Amino acid sequence: MALLNIALIPVALVGLLVFIAVFWASRYKRCPSDQILVIFGKVGKGQNARCIHGGGIFVWPLIQDYAFMSLTPMTISIPLQNALSLQNIRINVPSTFTVGISTDPAIMNNAAVRLLKLESGHIEEMSREIIFGQLRLTVASLTIEQINQDRESFLEAIRKNVEPELNKIGLYLINVNITDITDSSDYIESIGKKSAAEAINKAKVDVAEQDKLGAIGQASANREREIRVAENTAEATKGMKKAEADQRVFVQQQEAEAVIGEATANREKEIKIAENLAEASKGKKKAEADQRVFVQQQEAEAVIGENKSKAAIAEADAEYKVKQAEALQKSEVARLQAAAEIQKAQYLSEVERLNAEEVVKREIEKKNIEILAEAEAERIRRQAKGDADAVLLKYEAEAKGIRQVLEAKASGYQNLMKSCNGDATAASTLLMIEKLQEIVQLQVEAIKNIKIDKVTVWDSASPAGGSSTANFLSGMIRSIPPLQDVARMAGVQLPDYLGQMKEGGGEPPEEKKEKK
């Protein structure tokens, strides 16, 4: 049994080594060419993840894990509508953007941080929002002519604005395709019509120029051909006539020599020789005359041919000038139509610009009015608060003053009561004495303003022995409230040195007692 256990130990060690080798081999991860291998966990100091494109790497168990990101490009449709250009004209710029995860180390790391394990739909939506904003910004910085005519610069501006923003989330811009650019005000169509009209006019001018050159060349060639034909014909005729004349002269010379030789032998024959000579001379003269006539006829025909060539050239020039005038007329009409279209486009653009300026002006006036109204309301609120605080402070000051006066009076009354040994009657008498001057002044004020311009008294003796005038004055004096009554109504008994009132309007009580 022990020997069996000892024999199993190497087998177990081999199995353990095989298991360890298989386990470590399973932890070695290879990265395909169309994916990025992202290792996260403990990957290094100050690093969130480690990205590998191509090759392989060992992933440590427990402390590290891995995931793959696809490098497959994404095509995003951007139906941009009513984007405001630099000229304040709204245009439609439908386009298609192709984006993908970059293999640049820094951008790969951004993708590992922000896009790992995100679905492609979420990535496309995020990219679409970024592209929309940057595309509007790019359109707002360019004119329609720059956007429509210089597509290379437009695409370069888009790439310059969009790609840095995509790099922040780990993407890069592969391709931009602008399908068509339109606008609601037909500004681009007007530009196209203008360019087409200019191209048509230029083509017409080029055609007319080539027609002119062709007509001139044809006329020159015809004239040259006719001149050369006439010259060759004349030369041929002259050569032929000269040959005939030389032949005749030679023949006549030979005959003359024969006749002269025979003349010595036969005189009769001299006559015939003379006749022959005469005939020869006549024939010679006739031949010369015929030659001159023929030459003159050929010259006349040459002149006629030249005149016909000149007439043909003049006719060709006239037709060219007619065609040139027609081409100029069509060019001018097209130019005026193009100018009218341009004026119309400029008018519409100016109207839209003025409308935009008016709207902006109204918005600014509205904001100014709102700001002024808010400022006025704030001023009124602050003024009202200040007035309220002032009134409150005034009332608080008055209340404080009244409180201090009452406290001072209370303290004075308390001291007065102490000085009177607690006798309230004596204290009230003293207070009443302080007010006597004011009371007397009030009594004087009651009658001092009575104006008596004239008093007429018919005095008659009264039964009591007094005059009616004296009774009138005493009655008027009695109408004034007596000082003692005033003090009595106040509950104060005046001292005796100020006098006493008679009971029932008569003498004082002391006098009544004495009479009793």
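Since every read-out is calculated from the coordinates, none of them should be taken as a lab result. All values reported here derive from a predicted model rather than from experimental measurement. Please note: Cβ atoms are built from the backbone with ideal geometry, for glycine as well, and neighbour counts cover all protein chains shown.
Beyond a 22 Å Cα-Cα separation, which of these cross-linked pairs lie in this structure: LYS42/LYS168; LYS45/LYS160; LYS212/LYS308; LYS29/LYS117; LYS202/LYS321?
LYS42/LYS168; LYS45/LYS160
Charges only on Cβ, +1 for Lys and Arg, -1 for Asp and Glu: so what's the dipole of the range 31-184 about the Cα centre, in debye to the nearest 20?
The calculation lands at about 600 debye.
Within the set of other residues whose C-beta is less than 10 Å from the C-beta of GLY170, count the net charge using Lys and Arg as +1 and Asp and Glu as -1.
Once all neighbours under 10 Å are counted, the net charge is +1.
Give, rounded to the nearest 20 debye, the magnitude of the charge dipole that the range 25-71 has about its Cα centre when Lys and Arg contribute +1 at Cβ and Asp and Glu contribute -1 at Cβ. If you can, show how the numbers build up before the last one.
Numbers: 6 positive and 2 negative charges, 39 e Å.
The dipole magnitude comes to about 180 debye.
Sort 10-17, 312-319 for me by packing, meaning the mean count of neighbouring Cβ atoms within 10 Å per residue, highest on top. Kindly include the intermediate steps, with their values, before the conclusion.
On the way: 10-17: 9.6, 312-319: 13.8.
Averaged packing, sorted descending, gives the order 312-319, 10-17.
So what's Rg/Rh here for the range 53-171, counting alpha carbon atoms and using the Kirkwood radius for Rh?
1.10
Ranking request for peptides 131-137, 333-339: highest mean number of other beta-carbon atoms within 10 Å first, then the rest in descending order.
So the peptides 131-137, 333-339, ranked by packing, come out 131-137, 333-339.
Return the aspartates and glutamates within reach of LYS330: Cα separation strictly under 19 angstrom, same-chain partners fewer than 8 residues apart disregarded; answer none if there are no such residues.
LYS330 reaches GLU198, ASP206, GLU209, ASP211, GLU319, GLU341.
What dipole magnitude, in Debye to the nearest 20, does the range 191-375 give about its Cα centre under +1 on Lys/Arg Cβ and -1 on Asp/Glu Cβ?
Around 180 debye, computed over the range 191-375.
Test of understanding: ordering ILE181, ILE158, ILE439 by Cβ neighbours within 10 Å, fewest first, what list do you get?
ILE439, ILE181, ILE158
Considering only VAL59, GLY100, VAL18, whose Cα is most displaced toward the positive end of the charge dipole of the range 1-145, charges sitting on Cβ of Lys, Arg (+1) and Asp, Glu (-1)?
It is VAL18.
Could you tell me whether the range 25-71 comes out rounded, prolate or oblate from its Cα gyration tensor? Rule is a ≥ b ≥ c as square roots of the eigenvalues, rounded for a/c under 1.5, then prolate if a/b exceeds b/c, otherwise oblate.
oblate
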